[in-house]
Amino acid sequence: MVIDSLFIMLKQLIILLFMFFGLNSWSQSILADFDIDLSDGKVLLAWTIKSGSTCNGMQIYRSKDSVNFVLIENIEGVCGNLSSPVSYTFTDQTPILNSFNYYKISFGGQEDSPILGIEVINVLSNSYLLRPNPVTGASDLYFENDNQNNVVLKVFDDFGDVIYLEQTSTNKFVLDSTHFSSGMYYFSLENQKTRNVINGKAVIVNQ
């Protein structure tokens, strides 16, 4: 009975120590918030350092696989403030196009931010981007539609007959391979306001 009581007390003590040091460690984090956004093909990073926290310089890193990072900006000098929170922004003018971009911030080697990712799609005018192609499941078909006009997707068979029809006011369709037999298909994207037509082709592979 005594051993059981000691075991329970020891277990409770371990839990209390874990809670104390865990919360204390969290409270020592200098980062209040961190966010990224996409605007005109550029990635905007915004973050805030908590009041009472400082660091010696900040380093911004970018990666395309969330594992291997490269330094894209080194902000020298003291960061943060002992009496108030301080907000910062940085714009990545040249993100990796048509790919996910992952970012993290190192606060002078004192602490690293969480890793945040965002996809940057860049489609030239009168063009499209289909990926992956061949289509083996679901592929994204991107196109330019800044004015959010209605765009009609038509998929044709070998005889030129329309076998699939869909419309959207966004800048993307999702091609599902289960709607088609394996083979190569031609398609058109028609802007219903400008009447501009973009032609393309997709390879469907059902496994």
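General observations
- Extreme residue, surrounded by the most Cβ atoms within 10 Å (Cβ to Cβ), among residues of the stretch 112-126 that are at pLDDT 95 or above and outside any strand (DSSP E or B): Ser113
- Residues of the stretch 27-71 satisfying the condition of being loosely packed, with under 15 Cβ neighbours inside 10 Å and in a loop (DSSP other than H, G, I, E, B): Gln28, Ser29, Asp40, Gly41, Gly52, Asp65, Ser66, Val67, Asn68
- Test: residue in the stretch 140-161 that is surrounded by fewer than 18 Cβ atoms within 10 Å (Cβ to Cβ) and closer than 24 Å to Val67 by Cβ: yes
- Unmet requirement for Gly160, which otherwise passes all of (1) assigned to a strand (DSSP E or B); (2) over 25 Å from the mean Cα position of the chain (by Cα): (1)
- Whichever residue in the stretch 130-157 is touching a helix residue (DSSP H, G or I) at 6+ places or on another chain (Cβ under 9 Å) and outside any strand (DSSP E or B) and, among such residues, is nearest to Ile198 (Cα to Cα): Pro134
- Put simply, of Tyr164, Tyr103 the only residue that is free of Cβ contacts under 8 Å to residues at least 60 places away in the same chain and either surrounded by 14 or more Cβ atoms within 10 Å (Cβ to Cβ) or not assigned by TED's automatic domain parsing to the domain that holds Ser66 (or both) is Tyr164.
- Applying the criterion of being farther than 19 Å from Asn126 by Cα and aliphatic (A, V, I, L, M) to the residues of the stretch 176-207, the residue that is surrounded by the fewest Cβ atoms within 10 Å (Cβ to Cβ) is Met184.
- Matching residues in the stretch 82-99 - criterion: being at pLDDT 95 or above and in a strand (DSSP E or B): Val86, Ser87, Tyr88, Thr89, Phe90, Thr91, Asp92
- Within the stretch 168-191, the set of residues being over 16 Å from Pro132 (Cα atoms), in contact (Cβ under 8 Å) with a residue 24 or more places away in the chain and within 28 Å of the chain's Cα centre (by Cα) comprises Ser169, Thr170, Asn171, Leu189, Asn191.
- Remark: Leu141 matches the filter, which requires a residue to be in contact with a Leu (Cβ under 6 Å, 6 or more places away or on another chain) and modelled with pLDDT of 95 or more.
The values are calculated or read from the model by the stated rules, or taken from the named source; none is laboratory data. Treat the numbers as computed from the prediction; the structure is a model and nothing was measured. Reconstructed Cβ throughout: ideal geometry from the backbone, glycine too, with neighbour counts over all protein chains shown.
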